[in-house]
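Below you'll find the structure, written out as structure tokens, and then a few comments.
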Amino acid sequence: MLRATAIVRKAAIRPDSVADTVTLDHAGRQEAAAILTGAAGLSFTLALAKAASIEDGDAFRLEDGRLVTVRAASETLLEVRAENPARLLRLAWQLGGNHVPAEIGADVLYVPATSANAELIRGQGCAATPVSRAFKPEREAHDHSQCGHDHGHGHSHDHGHDHSHAHDHGHAKDLADHGHAHVHGPDCKHDH
């Protein structure tokens, strides 16, 4: 079976290289390994070196050079609105503290339709309406899948020079194991 080992971003895709299309939900677009079958019947093994966020319109490059484009599947979500921006902002902060993926619009949030999310939304005084649409949540603040470097080196850096990754991604450096800030609420329930 053919393998796909690379991602081609939407802007770099040549239409004459596209062999098929797969439709994946948000979770499927985060996988590094899977067996997939396109709409036209092309089966292949997804074998990425590491998981990365695949956006609607990106493609997987097969070993033979052909591309399989990725479409975002419709998912059951909650469309969240509030009577004022501050209430919606507080809810977004709570969702982030609970590591809930969220798509952020000018006056709306979209989150997975779970009972826990619905309860949190109600508790913050916001209104939720079930909808079916593609889910394109914001990348996590510490997601470096697009920034061009790897934080898992696997070898020592005894080269006599500074090998830190101090670069600006819009967040402060702290003492986390990979040198980037993580902001968590008091109930985050995991170690850093």
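The values are calculated or read from the model by the stated rules, or taken from the named source; none is laboratory data. Everything numeric here is computed off the predicted structure, so don't read it as measured data. Using ideal geometry, Cβ is built from the backbone for each residue, glycine included, and neighbour counts are taken over all protein chains shown. Surface accessibility is based on the protein's heavy atoms, side chains included, excluding ligands, DNA and RNA. Shrake-Rupley method; radii C 1.70, N 1.55, O 1.52, S 1.80 Å.
Results, tabulated for the structure shown:
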| read-out | value |
| --- | --- |
| Answer residue from region 36-86, given it is open to solvent by 60 Å² or more (accessible area, probe 1.4 Å) and within 20 Å of the chain's Cα centre (by Cα) and is farthest from residue 16 (Cα to Cα) among those | 76 |
| Pick from region 13-33, criterion assigned to a loop (DSSP other than H, G, I, E, B) and either of a type in the set (Phe, Trp, Tyr) or within 22 Å of residue 77 (Cβ to Cβ) (or both), ranking: least open to solvent (accessible area, probe 1.4 Å) | 26 |
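Per-residue answers, yes or no, for (1) of a type in the set (A, V, I, L, M); (2) over 19 Å from residue 74 (Cβ atoms); (3) at pLDDT 95 or above:
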residue	(1), (2), (3)
8	yes, yes, yes
11	yes, yes, yes
35	yes, yes, yes
38	no, no, yes
45	no, yes, yes
52	yes, yes, no
57	no, no, yes
